[in-house]
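Structure record follows, encoded as C-alpha cells.
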Amino acid sequence: MLAPMENKTYDKLRNSREWLLARGAELQDRLRRVQQDLSRKREPLPTDAPDAAIVVENDEILAAIEKAAYSEIDRIELALARLDEGVFGLCETCGAEVEEARLRAVPYATQCLGCVREG
C-alpha cells in the first residue's frame, strides 16, 4: 500500500495522464475536421472581391488552428514522455517541482514559475 504522500503523487500523475490523453484526443479530432475542410476540392474563388476575401480568410484561420493544434499535441506528447521517464512535474531548468496550481492550469508545463519569470 502506498503512503499518503505517495498516494497523492500517484493520483496527481494519473489525473495528469488522463487529462493529457483526453486533450490529445480532442485535438486529434479537431485536426481531422480542419484537414477535411482544408482538403476540400477547391472551388474557384467567388468573383466578388469581398466574398473571395472571406474564403481566403477562412482558409487562413483554419491553417492557424491546425498549426496551434499540432503545437499543443507536441507539448502533450513531451509531457507524456516526461511522465513515463518519471520527471513530469519537475522544472527542466532548475529541477524544482513545478507548482501544483501551474500544472493544473498548464499540465504540460516544463518550468516552474520562477524560471518562467526569469525567462
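Here are the numbers for this structure:
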read-out	value
Number of the condition not met by Phe88 [criteria: (1) assigned to a loop (DSSP other than H, G, I, E, B); (2) free of Cβ contacts under 8 Å to residues at least 24 places away in the same chain]	(2)
Options Leu20, Leu45: the member that is among the aliphatic types (A, V, I, L, M), modelled with pLDDT under 85 and touching a helix residue (DSSP H, G or I) at 6+ places or on another chain (Cβ under 8 Å)	Leu45
Among (1) farther than 16 Å from Ala22 by Cβ; (2) out of contact with any Asp or Glu (no Cβ under 6 Å at 6 or more places or on another chain) - the single one Ile76 does not satisfy	(1)
Single residue of the range 91-108 satisfying the filter (in contact (Cβ under 8 Å) with a residue 24 or more places away in the chain and under 24 Å from Gln28 (Cα atoms)) that is farthest from the chain's Cα centre (by Cα)	Leu103
One residue from Leu113, Leu103, Leu78 being in contact with a helix residue (DSSP H, G or I) (Cβ under 7 Å, 6 or more places away or on another chain) and surrounded by fewer than 17 Cβ atoms within 10 Å (Cβ to Cβ)	Leu113
The range 83-119: number of residues that are out of contact with any Leu (no Cβ under 8 Å at 6 or more places or on another chain) and at positive phi	3
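The values are calculated or read from the model by the stated rules, or taken from the named source; none is laboratory data. Note that the coordinates shown come from a computational prediction; the quantities given were computed from them, not determined experimentally. Every residue, glycine as well, gets a Cβ built from its backbone with ideal geometry; the counts of neighbours run over all protein chains shown.
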